[in-house]
There are 2 protein chains.
Amino acid sequence: MVTINDIARLAGVAKSTVSRYLNGGSVSAKTKAKIDKIVAETGYKPNTFAQSLKAKNTAMIGTIVPRLDSYATTQGLKGIDEQLRAVDYQLLITNSNQDIQREIEAIYAYAKQKVAGIILFATVITDEHRKAIDSSKVPVIILGQQADGYHSIVHDDYQAGYMLGKYAVSLGHRIFTYFGVFEDDIAVGQKRKQGILDGIKPNGKIKIIETTFAIEAAYQKALQILPKMESSYVICATDNIALGVLKAAHELKMVIPDQFSLSGFGDYDVTTAVFPMITTIKFPYYQSGVIAAENLYQLIEGEKIPEIIKLDNQLVERESTKRLK
Amino acid sequence: MVTINDIARLAGVAKSTVSRYLNGGSVSAKTKAKIDKIVAETGYKPNTFAQSLKAKNTAMIGTIVPRLDSYATTQGLKGIDEQLRAVDYQLLITNSNQDIQREIEAIYAYAKQKVAGIILFATVITDEHRKAIDSSKVPVIILGQQADGYHSIVHDDYQAGYMLGKYAVSLGHRIFTYFGVFEDDIAVGQKRKQGILDGIKPNGKIKIIETTFAIEAAYQKALQILPKMESSYVICATDNIALGVLKAAHELKMVIPDQFSLSGFGDYDVTTAVFPMITTIKFPYYQSGVIAAENLYQLIEGEKIPEIIKLDNQLVERESTKRLK
DNA sequence: ATGAAAGCGCTAACAA
DNA sequence: TTGTTAGCGCTTTCAT
């Protein structure tokens, strides 16, 4: 293993000079050239542990995700990864498995590990979260939920819901059924829903069904609900839920969009792989990852960034919705 | 920040004693109790960088995945994560984005970072891979592809293909079309295909179409192929490909399984969310992650593990295939 | 611009 | 069982 001492010896300088060379201190062009050469020849890489031991942080950024197997997560991670690679940061991932306690622990663990920054894929922000974030002096960016006092990047769920509601109403629909999720989830369970409600008001009437994020659960629920449903439009809180409803409809021999229109949120890949292709709202998941990483980097570098960034969504109209005659 | 020196001073012992206490060396019960107390009071946590600086490795294990957004990846990662958490290892993830060069770099980077072990989600193992693995003295487990001389965990792709071939033939089918992928991918492109070929031989005739892992590509390809196809059974190398074919069939108003049977590999979630639900081969992705993590841990602890572990697959018969009349 | 020297927090001989 | 003593590879004063 080649160390800074070797380089110093081979270059005929003091190791402090090499250190300065490494860290952008003042080194003469001649010395620099000399060290450049030695470094190239030896393939020397500074030991990051020795570096981190003194410098009080590392070139790692930690992410905390509620689950690995969701479209939003993987796309966001992809965006983050791409950016981080560019600035040579190592990406750490902790899967909390939707367990709040694990999220908290992860924050403390990251702090101890002296990560340069943390990106939290949030579903809720509790006081414990706040405590953990505050006590560790690490820059944090919260992705997916808004939290006063913290830097966050959110998909504008209210706007998304509102846009969809308006769209559905514009198609002539008046009676709706909504397959939503529990309200603990601020973004999806509350804001998205509220947007929808406001979007169809005062023209529409809506019946609210609560289910989970799982396809299967939505499918089972839909199997009960659909037969006696009177709505002409079913709004689902996510594309997976829409998928479950679609399947149930198929099973019940109900034809979409003839018997009722159906739409989801998310623009998951599969929405175009099924028939009918599902109308949905596209959230820029990948882009949110990119922005999160960029902003975190700014934050680490001590620059100012806006406290909250809202990303715009986009209605993607496909085959599962149609004008009510 | 409280250090080993503080603990030593407060406990009235030498810091080497504290170090021994930390690392399970011989310490008297009395001293241990004393240090226990101080540690609890101060909330002392050893500095991992200082530890890693001396000890030649860390409590991190590195994974290298070709992509984040695949079912196999997320399930495998989930299994690994679960196991690693139990033994208090930090999970590192590098997304190579299907770039061989990045994989190689990641191995070197991990070695330099002194990870305790590496799990490589492999598509191919090149000489460069071998060189990288050999030069870094880190225990490595290869997931998904077999590589002589290295520890690997594989889904038995040949067996999977063979099983499916036999099944299709048993249903009375004789003329097949296969939507496969390039042969660079040993597991899917070669072994799985060979299994299928052997499974239908000598009863069947098969036409081979090459596409990619993307739904869209398969869909486009199928749109060309299906209209003039004479096969009664379409075998797809993955469920995503099957999804693409299914969509094309729908578009072409071809009814599955009446006009032709269709099956995939992988048992992705969506195979049950579409109509007809797709017959497929279920690979134990999650379990393979669990086993990879367990074995890697054994390896790190210096125990012996079998060089190759083959995991069994399972045929999941659903609605997209039927007996040929 | 450069070098000498003193640590960072910990581990690991070696002696006692 | 315990303490003493060198470092691990690097950064950072402080002189020069």
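The values are calculated or read from the model by the stated rules, or taken from the named source; none is laboratory data. Bear in mind the structure is a predicted one, so any value in this text is a computation, not a measurement. All Cβ positions, even for glycine, are placed from backbone atoms using ideal geometry, and neighbour counts span all protein chains on display. For the accessible areas, the whole protein counts, side chains as well, though only heavy atoms, and no ligand, DNA or RNA atoms are used. Shrake-Rupley method; radii C 1.70, N 1.55, O 1.52, S 1.80 Å.
Annotations
- Of the set (1) outside any helix (DSSP H, G or I); (2) in contact (Cβ under 8 Å) with a residue 40 or more places away in the chain; (3) open to solvent by 30 Å² or more (accessible area, probe 1.4 Å); (4) of a type outside the set (K, R), all apply to A:G62 but (3).
- Residue, nearest to A:A122 (Cα to Cα), within the stretch A:65-75, restricted to residues that are within 10 Å of another protein chain (Cβ to nearest Cβ) and open to solvent by 20 Å² or more (accessible area, probe 1.4 Å): A:R67
- Restricting attention to the stretch B:226-245, the residues that are out of contact with any Leu (no Cβ under 8 Å at 6 or more places or on another chain) and outside any helix (DSSP H, G or I) total 5.
- Evaluation of A:K32 against (1) at pLDDT below 90; (2) of a type in the set (K, R); (3) in contact with a helix residue (DSSP H, G or I) (Cβ under 8 Å, 6 or more places away or on another chain); (4) near DNA strand C (Cβ under 8 Å from one of its atoms) (one fails), failing number: (1)
- In summary, A:Y233 fulfils each of the numbered conditions (1) farther than 17 Å from A:K322 by Cα; (2) within 30 Å of the chain's Cα centre (by Cα); (3) not β-branched (V, I, T) with the single exception of condition (1).
- Subset tally (residues that are facing chain A (nearest Cβ under 10 Å) and open to solvent by less than 10 Å² (accessible area, probe 1.4 Å)) for the stretch B:107-121: 1
- Count - residues of the stretch B:1-17 that are away from every other protein chain (no Cβ under 14 Å), closer than 16 Å to B:A40 by Cβ and near DNA strand C (Cβ under 8 Å from one of its atoms): 2
- Residue list for the stretch B:76-90, restricted to those being farther than 15 Å from B:G117 by Cα and either open to solvent by 30 Å² or more (accessible area, probe 1.4 Å) or facing another protein chain (nearest Cβ under 7 Å) (or both): B:K78, B:E82, B:A86
- Residue list for the stretch A:286-325, filter: over 30 Å from B:E251 (Cβ atoms) and among the aromatic types (F, W, Y): A:Y297
- Residue list for the stretch A:142-170, restricted to those being part of a loop (DSSP other than H, G, I, E, B) and either open to solvent by 50 Å² or more (accessible area, probe 1.4 Å) or of a type outside the set (S, T, Y) (or both): A:G144, A:Q145, A:Q146, A:A147, A:D148, A:G149, A:D156
- Some residue of the stretch A:248-260 being more than 23 Å from A:F283 (Cα to Cα), more than 12 Å from chain B (Cβ to nearest Cβ), part of a loop (DSSP other than H, G, I, E, B) and open to solvent by less than 10 Å² (accessible area, probe 1.4 Å): yes
- Condition met for B:K78 (basic (K, R) and assigned to a helix (DSSP H, G or I)): yes
- Residues that are within 11 Å of DNA strand D (Cβ to nearest atom) and crowded, with 18+ Cβ neighbours inside 10 Å, drawn from the stretch A:1-26: A:I4, A:I7, A:A8, A:T17, A:V18, A:Y21
- The conditions of being at pLDDT 90 or above, away from DNA strand C (no atom under 16 Å from the Cβ) and away from chain B (no Cβ under 14 Å) are met by A:A40.
- Checking A:N23, A:N47 one by one, the residue that is within 13 Å of DNA strand C (Cβ to nearest atom), in contact (Cβ under 8 Å) with a residue 40 or more places away in the chain and not β-branched (V, I, T) is A:N47 and no other.
- Restricting the stretch B:27-45 to residues that are open to solvent by 40 Å² or more (accessible area, probe 1.4 Å), assigned to a helix (DSSP H, G or I) and within 24 Å of B:A55 (Cα to Cα), the residue that is nearest to DNA strand D (Cβ to nearest atom) is B:K32.
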